[in-house]
1. If residue B:27 satisfies every condition in (1) in contact (Cβ under 8 Å) with a residue 60 or more places away in the chain; (2) more than 19 Å from residue A:52 (Cα to Cα) but one, which is the exception?
2. Test each condition in (1) closer than 28 Å to residue A:226 by Cβ; (2) under 17 Å from the mean Cα position of the chain (by Cα); (3) within 12 Å of chain B (Cβ to nearest Cβ) for residue A:123 and report the one that comes out false.
3. Filter region B:155-169 down to residues that are surrounded by fewer than 17 Cβ atoms within 10 Å (Cβ to Cβ) and at pLDDT 95 or above and give me whichever is farthest from the other protein chains (Cβ to nearest Cβ).
4. Of the residues B:147, B:119, which is within 9 Å of another protein chain (Cβ to nearest Cβ) and either under 14 Å from residue B:162 (Cβ atoms) or at pLDDT 95 or above (or both)?
5. Could you look through region A:142-159, keep only residues that are in contact with a Gly (Cβ under 9 Å, 6 or more places away or on another chain) and among the aliphatic types (A, V, I, L, M), and pick out the one that is farthest from residue A:96 (Cα to Cα)?
6. Does region A:56-70 contain any residue that is within 30 Å of residue A:214 (Cβ to Cβ), crowded, with 16+ Cβ neighbours inside 10 Å, polar (S, T, N, Q) and more than 7 Å from every other protein chain (Cβ to nearest Cβ)?
7. Is at least one residue of region A:121-134 assigned to a strand (DSSP E or B) and either in contact with a Ser or Thr (Cβ under 8 Å, 6 or more places away or on another chain) or without any contact (Cβ under 8 Å) to a residue 12 or more places away in the chain (or both)?
8. Just name the residue that is surrounded by the fewest Cβ atoms within 10 Å (Cβ to Cβ) out of those in region B:28-53 that are within 14 Å of chain A (Cβ to nearest Cβ) and charged (D, E, K, R).
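The values are calculated or read from the model by the stated rules, or taken from the named source; none is laboratory data. Remember, predicted model here, so these are calculated numbers, not experimental data. Here Cβ is always computed from backbone atoms with ideal geometry, including for glycine, and neighbour counts include all displayed protein chains.
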Amino acid sequence: MLTLKTYNPRDWRSHPPYSFKAYGSSLKRGPLKKLVPLQQTLSEITGPLFSDIKLEPGEDDLTRNAGTGKEALGERIIVVGRVLDEDDRPVPHTLIDIWQANAAGRYHHPVDQHHAPLDPNFIGAGRCVTNAMGEYRYLTIKPGAYPWLNHPNAWRPAHIHLSLFGPAFVTRLVTQFYFPGDPLIPLDPIFNSVPTKKGRQRLLSSYAHDVTEPEFALGYRFDIVLRGRKATPFEGPQ
Amino acid sequence: MSKETPSQTVGPFYAIGLTRHPLSVMANDSTQGERIRIEGQVFDGDGVAIPDVLVEIWQANAYGRYHHPDDKQEKPLDPTFTGWGRSGTDPNCIYSFETVKPGSVPGNDESVQAPHVNVCVMARGMLVHAFTRIYFAGERLNDRDPVLKSIKNKARRRTLIASRDEQDGKTIYHFDIRLQGENETVFFDM
């Protein structure tokens, strides 16, 4: 018998429910029937690793990766953090996809018709990979807040989208993080969809003066925790 | 012990970060196995096909081995095939993948799983991704598959079976995903 190393179950106290009344679009787009429990197999404990991925120089610098040779407008920020599992073990060499609005709160996307200026020098997309200690770092500009149609006078707080895979299909995570002190955060249904106060706090980055570079950019820290491996593996397939 | 970072929706603008480059063609001319196309639509609770949905799949190669160090089976790896793909939708709200039919992989307790593709669905309006699986119509192993058998409501098992079609000599499997409604697709807690 080979030992199959399975992962902890998804921690539903940490994640939003599929349907959250204050976020209108969620009501028709999430499963209503009870999820069917699935005991993890080889299919779930494996997943894409992107271990042969070669990032182009500058993919982790969103201020200069629009291909124009010029720099994006806005407040430069350095974002650092660690990707860990639930047992605080680093998740090394894992890919992070990043996307965000520009400094004026507009996305480089045809669906976004918010009448704020586009910045020709800002695409709003980047990638980075964690090092052996699970640490990552990228440079960008602070995104602006923007209006949306969820409810009257609705505004999304400034946020950056992140996509991670971790070591297995079950460790997939797509999230958004926010900036400390933003007055729009408590009004945001997407942020508020996280069921616990502690959970919501885990979506806030913190200002990191040790990361701030003099005469250049402000630093923010955002650590990410993915599902960890079960402590006691059970016997699996041959 | 730390707690998981909460999930948040991919939102309507995920294409900027996630589908700038095409990632839905998973097989090339040298890839081993039967070439197939998987395509379908994802429907919301009103039965409307969703344009801003993102579908990711993960599968074994034609021999039934995953491109991953924790798959220690003595089956061949195919250097041309990672088994992962991602698709947004076309103007008709159709997602699609060009891939190969996966081989069968072992299940737990010495069981055998029917060939299947693992699916992760994300969309604007989905605060958390949803996991499901695609099985293939007509596979003899489907009746013995431990995951399909674990779905107590037998009628719901059908929501995981892709139907087979041929167009211009190409094999196409259709797999629609219904997030809600009478024929809501089976989603897994795993």
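1. (2)
2. So the condition that residue A:123 fails would be (2).
3. Of all residues in region B:155-169, those surrounded by fewer than 17 Cβ atoms within 10 Å (Cβ to Cβ) come to B:155-156, B:158, B:163-169.
Checking the rest, the ones that are also at pLDDT 95 or above come to B:155-156, B:158, B:163-166.
On the way: B:155: 12, B:156: 8, B:158: 14, B:163: 21, B:164: 21, B:165: 25, B:166: 27 Å.
Across region B:155-169, the extreme among qualifying residues is B:166.
4. On the way: B:119 fails: within 9 Å of another protein chain (Cβ to nearest Cβ).
When all the criteria are applied, what remains is B:147.
5. Residue satisfying both the conditions and the ranking: A:149.
6. yes
7. Taking region A:121-134 first, the residues assigned to a strand (DSSP E or B) are A:125-129.
Restricting the remaining residues to those that are either in contact with a Ser or Thr (Cβ under 8 Å, 6 or more places away or on another chain) or without any contact (Cβ under 8 Å) to a residue 12 or more places away in the chain (or both) gives A:126, A:129.
Yes - at least one qualifying residue is present in region A:121-134.
8. Of all residues in region B:28-53, those within 14 Å of chain A (Cβ to nearest Cβ) come to B:41-53.
Going one step further and asking which of them are charged (D, E, K, R), we end up with B:44, B:46, B:52.
On the way: B:44: 20, B:46: 9, B:52: 22.
By that ranking, first place goes to B:46.
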